[in-house]
Amino acid sequence: MEQWLSQRDRSPAALYNISLVIENTMTFPICATIILPVRFFQPWWLLATVAAIVPLLLARRARRRGRHIATLSVIVQCLAVLAAGAALGRPRIGLSERAARATMILRDTSASTRGQMDILLNLPAEMPCREVHFAETIFRPGRVRRGGLEATRAGPALRLAAAQYDDIAGVVILTDGQFQDTDWPAAAAALGRTGAAVAVVPAESPPPDARIADFSACLAADGAAELKVTVRSNAMQRRTLTIARRNRQAAVLLTRTLEMPAGDAATIRIQDRPPADRAAVYEARLQEPDTFAENDAAVAVVLPARRRVALVSRRNDSLAKQLARNTSLPVEQVSPADLAGRQFRWLDYAAVVEVDSTGMLLSAQQRAGLAEYVRSGGGLVLIGAGPYETYAHRDDPLNRIAALVANPHERRPLKLAVVLDASGSMVRPARSGDGQAGRRARFDIAAEAVSALQRHLTPADALAVIAFSDCAKVVYDSGASRPDFAALRDALARIQPGGPTRVADALRLATDQSPPAGADGLVLLLSDLLTETFDPAPMAERFRLAGYSMAVVATGAGGEPTQQAA
């Protein structure tokens with residue numbers, strides 16, 4: 001460059017012209033790289049290319065005849081013909097690599113958007129899309145929904161979009177914004193940090209809905225039932241309201257057509273005279289159900305004017321007389337046989353007294369009916385306890401409505417180590433109480449007993465299973481998590497009993513680690529007790545120092561001689 005300048009003019013004007021040449025030479029390739037390819041989907045652009053020559057031919061002909069046409073005019077005419085042909089050729093510009101990827105559409109399908117999520121996006125047919133629905137959880141369209149539709153949790157959907165940022169062109173979210181999770185702002189911030197293009201399509205047009213906003217019933221002093229119904233609507237609608245009595249003396253009390261302006265409410269009051277000794281169940285219903293049919297009906301209950309008490313127990317005349325004397329109310333004895341095979345009307349009683357020491361006097365269906373009676377306004381006195389045989393009984397209908405629940409599972413967390421005998425003697429058939437040999441192997445019975453621990457352990461408990469024969473081995477350990485009994489059953493199925501019965505090593509392995517603070521330690525030994533000899537005194541001291549208790553379950557040894565019982 002210096003040599004070239006030494007042979008040329010070094011004036012400022014010349015240097016300026018050289019700089020322009022260098023600048024234009026360097027920027028042209030950069031500009032060329034960002035020009036996107038244009039594709040034509042119709043052949044009109046070929047005809048336009050040929051037609052663009054016509055203005056030149058006409059201008060040349062005019063000059064021969066002595067007419068002068070400006071060069072700029074001819075150029076403009078040629079460009080106009082080319083532009084018209086390009087427009088008719090349906091030009092398409094190639095997109096960038098990211099724009100060619102699929103667009104993720106997050107569609108809110110929760111209950112609050114019902115009737116609004118049929119919005120059709122005006123997207124090109126050839127544009128790839130990947131649609132995901134979300135409500136309480138996320139799922140693909142057409143797949144089985146594992147979560148409910150009542151709640152709206154946007155966090156999982158937003159985190160999914162952020163995780164797949166490298167595979168998508170952008171995100172379109174169709175929602176009404178009624179999110180019920182608290183972590184969605186953090187998920188939205190994470191999506192924003194990826195730099196993804198996000199478009200939100202709001203659902204702002206809920207479908208017309210008339211609903212029963214309030215339905216109440218109360219018993220007046222003269223024995224009449226006073227009913228009040230309030231109906232609201234978010235749009236102009238005409239609906240038919242029906243109020244009926246649904247008990248054994250069923251009757252339609254009112255049928256009225258309502259003209260409902262948007263945002264208006266209509267309140268109707270009526271009276272009825274139900275039977276004095278029976279509960280009355282009333283229903284208010286809007287005919288021609290709309291999109292939200294579940295709010296088109298409501299039920300109200302009026303308890304009987306003549307109050308009486310139901311005594312649920314085994315036959316107990318003395319208790320019934322004492323209860324009648326203390327309450328000054330008629331008492332009717334109801335036995336489990338009276339409840340079998342029919343729908344009992346608990347609502348006919350002002351109160352129910354149940355005498356049940358175990359909570360199992362009534363069947364599960366009957367306990368559920370009694371619980372519904374309490375939720376509807378009835379009174380229950382439970383003398384005894386609700387079901388408590390297993391940990392799952394905490395959720396029994398009777399326990400869920402009882403004021404006090406006997407729960408033996410309310411205890412400190414337990415670190416349980418099951419020491420399972422997998423020696424050769426456990427392959428033998430177990431003996432029954434009369435000494436007869438059975439058909440099942442002792443190990444199978446012991447393994448089934450280990451699986452049965454599921455009914456007695458809580459999520460706060462820890463479980464480890466140690467199998468032993470000639471050596472001890474941990475076959476399952478839940479660690480700090482709740483016991484997984486499916487994994488436990490798989491581990492037990494892989495054990496092949498055989499070999500000697502050296503229980504001491506297994507007991508030492510079970511007590512290697514003390515229980516965590518606040519938990520109790522228990523070692524449960526399942527064996528036929530045909531164990532090899534060991535010194536029990538040092539083992540007992542080891543248990544005391546480690547903080548473990550011990551329980552032993554013998555599996556059908558049937559009186560066979562043992563070398564030493566553990």
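Overview of results
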{"item": "Proximal charge balance of ASN316 [Cβ under 13 Å; K/R count +1, D/E count -1]", "result": "-1"}
{"item": "Surrounding net charge for ALA213, when Lys and Arg each add one and Asp and Glu each subtract one, Cβ distance under 12 Å", "result": "-1"}
{"item": "Positive-end residue of PRO459, ALA422, LEU488, charge dipole of the stretch 418-504 with Cβ unit charges", "result": "ALA422"}
{"item": "Exposure ranking of ILE495, ILE53, ILE138 by accessible area [1.4 Å probe, largest first]", "result": "ILE53, ILE138, ILE495"}
{"item": "The stretch 125-224: trypsin sites (Lys or Arg not before Pro) in DSSP coil with no more than 10 other Cβ atoms inside 10 Å", "result": "ARG143, ARG146"}
{"item": "Accessible-area value, LYS321, 1.4 Å probe, nucleic acids and ligands omitted, Å²", "result": "140 Å²"}
{"item": "Note, ³J(HN,Hα) from phi for the stretch 375-383, Karplus 6.51, -1.76, 1.60, rounded to Hz, x at Gly and Pro", "result": "5, 7, x, x, x, 10, 10, 9, 9"}
{"item": "Which of VAL231, GLN249, ALA213, positive extreme of dipole for the stretch 204-249 (C-beta unit charges)", "result": "GLN249"}
{"item": "Heavy-atom SASA rank of LEU525, LEU56 (probe 1.4 Å, accessible area, largest first)", "result": "LEU56, LEU525"}
{"item": "Highest average packing first - 175-184, 351-360, Cβ atoms within 10 Å", "result": "351-360, 175-184"}
{"item": "Carbon/sulfur fraction of accessible area - the stretch 296-426, other protein chains in place, 1.4 Å, %", "result": "50 percent"}
{"item": "Aspartates and glutamates whose Cα lies under 15 Å from that of LYS415, excluding same-chain neighbours fewer than 8 positions away", "result": "ASP461, ASP477, ASP484, ASP512, ASP520"}
{"item": "Neighbour-limited loop hits for trypsin sites (Lys or Arg not before Pro), the stretch 444-499 (at most 13 other Cβ within 10 Å; DSSP other than H, G, I, E, B)", "result": "ARG494"}
{"item": "Most to least packed among 67-73, 391-397 [average Cβ atoms within 10 Å]", "result": "391-397, 67-73"}
{"item": "Loop GluC sites (Glu not before Pro), the stretch 132-205, which have at most 11 other Cβ atoms in a 10 Å radius of their Cβ (DSSP)", "result": "GLU150, GLU204"}
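The values are calculated or read from the model by the stated rules, or taken from the named source; none is laboratory data. Every value quoted in this text rests on a predicted model; they were computed, and no experiment measured them. Reconstructed Cβ throughout: ideal geometry from the backbone, glycine too, with neighbour counts over all protein chains shown. Only protein heavy atoms, including side chains, enter the accessible area calculation; ligands, DNA and RNA are left aside. Shrake-Rupley method; radii C 1.70, N 1.55, O 1.52, S 1.80 Å.
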